[in-house]
Amino acid sequence: MHNLLMDKASLSQVFLAFAPMEALKVKHNIEFAINALSLPSPELLAEMQTLGIDLPSSPSASKKVDLATINSTVLTTHLTELFLDKHKLLKTFSEFSLSEQVALRAFLNNLMPMLHLPPASLVEKMQREGVLDALMGEENKAQAVKNKIASINAAKENHKLDAVKARLAKLSESQKQCPDELKIARVKANLNKAVTETQPEVLIDIKNKIVQLG
């Protein structure tokens with residue numbers, strides 16, 4: 001399997017044959033598998049090399065393949081299926097030793113320009129409109145994004161509804177208070193009138209009404 005994945009001629013032929021959306025998926029799958037391996041960065045590798053620190057070079061457990069014995073159609077089909085399935089790709093990459101994985105990353109990064117990718121503007125639009133994950137086979141991720149958007153929209157609607165309810169409650173409370181305020185205003189007017197006219201019996205009655213109104 002090692003020399004199969006590191007054979008430039010074979011992979012170049014396969015990469016060039018991918019349709020734009022397949023090419024995008026292959027790029028996505030390669031990046032997924034490489035990131036999942038948690039390989040040292042090129043900067044770290046350079047620093048390690050400066051200090052004479054080498055990666056483990058033990059051979060991988062993957063079987064060597066004699067390309068001359070494999071029918072070209074079978075080889076193409078195998079590689080096509082492998083790169084279109086991110087889980088198979090990760091499993092295959094995981095069988096390599098650390099030093100082989102680093103070499104494989106560099107090798108695939110050099111081959112990536114051979115993929116006929118769709119225009120970046122189209123990819124951005126698909127991502128913005130929430131269809132890219134579904135097209136990449138990430139149905140669960142796409143649904144999670146849709147659920148999050150729905151939750152955000154629902155929260156906004158609930159916030160608006162709560163604001164309207166609070167405003168109505170405040171308005172209702174104001175309406176309840178208005179009659180009492182009018183009563184008090186009328187009582188005070190009568191009180192002033194009573195004081196002016198010096199009518200003790202009216203004054204006592206108004207004072208009692210004020211006490212009742214609180």
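Values computed for the structure shown
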item: Virtual spin-label span in nm between Asn109 and Ser12, 7 Å along Cα→Cβ; result: 2.1
item: Net lengthening on full extension, Glu47/Leu84 (0.36 nm per residue, minus Cα-Cα); result: 9.9 nm
item: The range 1-53 pair-distance distribution - Cα-Cα, 5 Å bins, rounded %; result: 4, 15, 14, 19, 19, 15, 8, 4, 1
item: Inter-centroid distance (Cα atoms) of the range 1-37 relative to the range 78-130, Å; result: 5
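Read-outs throughout are calculated quantities, based only on the coordinates presented, and are distinct from any laboratory measurement. Quick caveat, the model's predicted, so the values are computed rather than measured. Neighbour counts are summed over all protein chains in view; Cβ atoms, including those assigned to glycine, are modelled from backbone coordinates with ideal geometry.
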